[in-house]
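Here is the structure we will look at, set down as structure tokens.
The values are calculated or read from the model by the stated rules, or taken from the named source; none is laboratory data. Keep in mind it's a predicted model, so treat the numbers as computed, not measured. Cβ sites come from the backbone with ideal geometry, for glycine too, and all protein chains shown count toward neighbours. Only protein heavy atoms, including side chains, enter the accessible area calculation; ligands, DNA and RNA are left aside. Shrake-Rupley method; radii C 1.70, N 1.55, O 1.52, S 1.80 Å.
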Amino acid sequence: MPILCSTGALIGRPNNRDYTLLKDLVPKLSCDGFELMIYPDWYLIYGKLIDFTREIGINIPVIHCEKRIGELLSSGTEEDLDTAMRDFRLNCEIAKGVGAEKLVLHLWNGLVSDSHIENNIAGYRYLCEIADEYGLMLLVENVVCNVSDPMSRLHDVYEAYPDSGFVFDTKMAAFHCQEELLYDDENTWLQDRIRHYHVNDYGGGYKDWNNLKVLPIGAGRVDFDKFFSYIRRKKHQDFTFTVESTAFDKTGTVHTEILNGCFDRIRNYLSAGSDGNAE
């Protein structure tokens, strides 16, 4: 089960979203590959981005699509829909260029969130068609909601598109106190369609917007003993896991030890059913 690192944990506004930092950071990280977080700043230079990843030989099996795509779908206007399709196609171009197979999608996002979910679900059909053109697996994440809740919204997607695939994020679920729903026998519709996990911790309470920060494994309240016990029982060797814990500070300096600690704990959980503490 490959353990990936989100480039969003390494590259952000404090270091100017400079993807060339990966050249020095990749050798310092003990993960199996990376989930490339796409920023709109990169659309005009995406060819250079692809060339760079090939030059440094970085393994990128998963792309995290630019988050604004879901917001554009929400508006319901023809202009925003066209922009969403154009931008999504660029995300697919990048994915094919770097050799990715999976696309993580925030189908709803931002302040508008899931308030116009009917528009998001209608637009999702076009995204699926584009992803199919590129031979990519499109996966909808259980993103936090400000109207309903992620489990209900994923079920809305499933009812409209029974063949859809999903990403399960432990932090997003914990934000809505929905971690336990993953293990419920009534939710096999979800269990059977998850193809990727985001393994993150959360330290707040129910819909605690002031504590939405992504935490390293063990720094919050997610029950990872139970989560990985479930994962080991499922025995899906083709699953991938991504750690997204923010590892850069206000100066943009990246603290790789935070992420390496998460990778170690996940490997311990997967291999021995331990408490995840690295030996």
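Residues in the stretch 51-67 that are touching a Gly at 6+ places or on another chain (Cβ under 9 Å) and over 16 Å from V140 (Cβ atoms): how many? Lay out the reasoning, then the answer.
So in the stretch 51-67, the residues touching a Gly at 6+ places or on another chain (Cβ under 9 Å) come out as 51, 53-54, 58-62, 64, 67.
When the remaining residues are screened for being over 16 Å from V140 (Cβ atoms), the result is 51, 53-54, 58-61.
The total comes to 7.
So, in the stretch 4-18, of the ones that are touching a helix residue (DSSP H, G or I) at 6+ places or on another chain (Cβ under 8 Å) and surrounded by fewer than 22 Cβ atoms within 10 Å (Cβ to Cβ), which residue ends up nearest to T256 (Cα to Cα)? Break it down into steps so the answer makes sense when it comes.
Keep residues of the stretch 4-18 that are touching a helix residue (DSSP H, G or I) at 6+ places or on another chain (Cβ under 8 Å), which gives 5, 7, 9-11, 15, 17.
Filter again for surrounded by fewer than 22 Cβ atoms within 10 Å (Cβ to Cβ), leaving 15, 17.
Working: N15: 15, R17: 17 Å.
Checking each candidate, the answer is N15.
So, in the stretch 190-218, how many residues would count as being out of contact with any helix residue (DSSP H, G or I) (no Cβ under 9 Å at 6 or more places or on another chain) and under 14 Å from G261 (Cα atoms)?
Qualifying residue count for the region: 0.
Collect the residues in the stretch 125-150 that are closer than 26 Å to W209 by Cβ, more than 15 Å from the chain's Cα centre (by Cα) and open to solvent by less than 20 Å² (accessible area, probe 1.4 Å), keeping them in residue-number order. It would help to see each step written out before you state the result.
So in the stretch 125-150, the residues closer than 26 Å to W209 by Cβ come out as 139-150.
With more than 15 Å from the chain's Cα centre (by Cα) added as a condition, the list becomes 145-149.
C145 - this is the single residue of the stretch 125-150 that is closer than 26 Å to W209 by Cβ, more than 15 Å from the chain's Cα centre (by Cα) and open to solvent by less than 20 Å² (accessible area, probe 1.4 Å).
Looking at L103, L81, can you tell me which residue is outside any loop (DSSP other than H, G, I, E, B), touching a residue at least 24 places away in the same chain (Cβ under 8 Å) and open to solvent by less than 50 Å² (accessible area, probe 1.4 Å)?
On the way: L81 fails: open to solvent by less than 50 Å² (accessible area, probe 1.4 Å).
So the residue among L103, L81 that is outside any loop (DSSP other than H, G, I, E, B), touching a residue at least 24 places away in the same chain (Cβ under 8 Å) and open to solvent by less than 50 Å² (accessible area, probe 1.4 Å) is L103.
Before we move on, is E71 out of contact with any strand residue (DSSP E or B) (no Cβ under 6 Å at 6 or more places or on another chain) and open to solvent by 20 Å² or more (accessible area, probe 1.4 Å)? Break it down stepwise before answering.
Working: out of contact with any strand residue (DSSP E or B) (no Cβ under 6 Å at 6 or more places or on another chain): no; open to solvent by 20 Å² or more (accessible area, probe 1.4 Å): yes.
Against the criterion (out of contact with any strand residue (DSSP E or B) (no Cβ under 6 Å at 6 or more places or on another chain) and open to solvent by 20 Å² or more (accessible area, probe 1.4 Å)), E71 does not qualify.
Here are some residues: D156, D132, D87. Which one is in a helix (DSSP H, G or I), in contact with a strand residue (DSSP E or B) (Cβ under 9 Å, 6 or more places away or on another chain) and among the acidic types (D, E)?
Numbers: D156 fails: in contact with a strand residue (DSSP E or B) (Cβ under 9 Å, 6 or more places away or on another chain); D87 fails: in contact with a strand residue (DSSP E or B) (Cβ under 9 Å, 6 or more places away or on another chain).
Only one candidate passes the filter, namely D132.
Looking at (1) more than 29 Å from Q191 (Cβ to Cβ); (2) of a type in the set (F, W, Y); (3) part of a strand (DSSP E or B), which one does F34 not meet, given that it meets all the others?
(1)
Taking into account only those residues within the stretch 172-221 that are over 15 Å from the mean Cα position of the chain (by Cα) and of a type in the set (S, T, N, Q), which is farthest from F241 (Cα to Cα)?
Step by step, filter the stretch 172-221, then rank; the result is N210.
Need the failing condition index for D87 against (1) surrounded by fewer than 22 Cβ atoms within 10 Å (Cβ to Cβ); (2) free of Cβ contacts under 8 Å to residues at least 40 places away in the same chain, just the number.
All conditions pass for D87, except number (2).
This table checks each residue for (1) of a type in the set (K, R); (2) farther than 26 Å from D264 by Cα; (3) within 20 Å of the chain's Cα centre (by Cα).
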site	(1), (2), (3)
P14	no, yes, no
K28	yes, no, no
R54	yes, yes, no
S74	no, yes, yes
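Can you tell me which residues in the stretch 27-61 are open to solvent by 40 Å² or more (accessible area, probe 1.4 Å) and either in contact (Cβ under 8 Å) with a residue 24 or more places away in the chain or of a type in the set (F, W, Y) (or both)? Full working, then the answer.
Just the residues of the stretch 27-61 that are open to solvent by 40 Å² or more (accessible area, probe 1.4 Å), to begin with: 27-28, 30, 32, 40-41, 44-46, 48, 51, 54-57, 59.
Once the filter is applied, which keeps residues that are open to solvent by 40 Å² or more (accessible area, probe 1.4 Å) and either in contact (Cβ under 8 Å) with a residue 24 or more places away in the chain or of a type in the set (F, W, Y) (or both), the stretch 27-61 yields K28, S30, D32, P40, D41, Y46, R54, I56, N59.
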